[in-house]
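Below is one structure, written out as structure tokens; the observations come after it.
The values are calculated or read from the model by the stated rules, or taken from the named source; none is laboratory data. These numbers come from a predicted model, not from an experiment. Here Cβ is always computed from backbone atoms with ideal geometry, including for glycine, and neighbour counts include all displayed protein chains.
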Amino acid sequence: MAGPTIRISIVVAALLLPTTVRAQVTAARTASIDEAVSSGKRVQVETTRGETRKGTVFTISPTSLELVSGRRKEIISVRDISLIKLEYRDRISDGAKKGALTGLAIGAAFGAVVALASCGDRGGFLDFCNAGGFALATGAMGGYGVGIGAAAGAIGDAARLSTRIVWRAPATNSRVALRLLGGPGRTGARVVLSW
């Protein structure tokens with residue numbers, strides 16, 4: 001009589017195994033989402049279907065993430081989330097510094113090309129063929145480039161919202177397959193676990 005009881009126990013355990021595995025994956029995903037974002041943060045959520053949802057995090061539970069966008073609340077299942085990006089404003093000084101350096105390089109290069117192209121021209125008040133004239137041309141154009149680049153970088157940072165990926169779903173291709181085997185003289189089950 002122990003034979004049928006053991007077979008039934010194995011079948012029940014095999015049927016419940018996928019639920020247990022799914023619950024563990026969901027709990028692990030939620031724990032890492034809790035660490036990545038908190039209530040009140042502006043985020044962009046990409047779903048496993050390729051859709052992007054934007055909003056402010058309202059609540060995080062073991063099974064869902066609730067976003068608020070305007071007056072609308074949306075609940076997204078944790079299993080459906082593939083990526084979360086945090087929205088933030090980049091410091092304006094970053095863009096200004098990068099723009100100034102880029103402008104300096106471009107302006108100085110332009111000044112050098114102009115100085116070399118005009119070398120040998122008679123009639124100008126500066127002689128760009130000597131070191132002083134060449135330095136003046138590259139320095140002046142580099143200075144213009146610094147100003148223009150810093151302004152462009154600051155405007156770009158002020159106008160654009162930046163995002164940073166703070167959470168990505170773990171790549172899981174785990175699968176549990178159960179196949180009941182039966183036939184004349186055969187009974188059993190085949191369980192396949194893959195990840």
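Being among the aliphatic types (A, V, I, L, M), over 35 Å from the mean Cα position of the chain (by Cα) and either exposed (fewer than 14 other Cβ atoms within 10 Å of the Cβ) or assigned to a helix (DSSP H, G or I) (or both) is a property that ALA135 has. Taking the numbered list (1) surrounded by 15 or more Cβ atoms within 10 Å (Cβ to Cβ); (2) in contact (Cβ under 8 Å) with a residue 40 or more places away in the chain in turn, TYR88 passes all entries but (1).
Residues that are among the charged types (D, E, K, R) and either modelled with pLDDT of 80 or more or part of a loop (DSSP other than H, G, I, E, B) (or both) within region 141-195 comprise ASP157, ARG160, ARG164, ARG168, listed in sequence order. Taking the stated definitions as given, is PRO184 out of contact with any strand residue (DSSP E or B) (no Cβ under 7 Å at 6 or more places or on another chain), in contact (Cβ under 8 Å) with a residue 12 or more places away in the chain and surrounded by fewer than 15 Cβ atoms within 10 Å (Cβ to Cβ)? For PRO184, the condition - out of contact with any strand residue (DSSP E or B) (no Cβ under 7 Å at 6 or more places or on another chain), in contact (Cβ under 8 Å) with a residue 12 or more places away in the chain and surrounded by fewer than 15 Cβ atoms within 10 Å (Cβ to Cβ) - is not met. Within the option set ILE60, ILE165, being among the β-branched types (Val, Ile, Thr), surrounded by 14 or more Cβ atoms within 10 Å (Cβ to Cβ) and assigned by TED's automatic domain parsing to the domain that holds SER38 holds for one residue only, ILE60.
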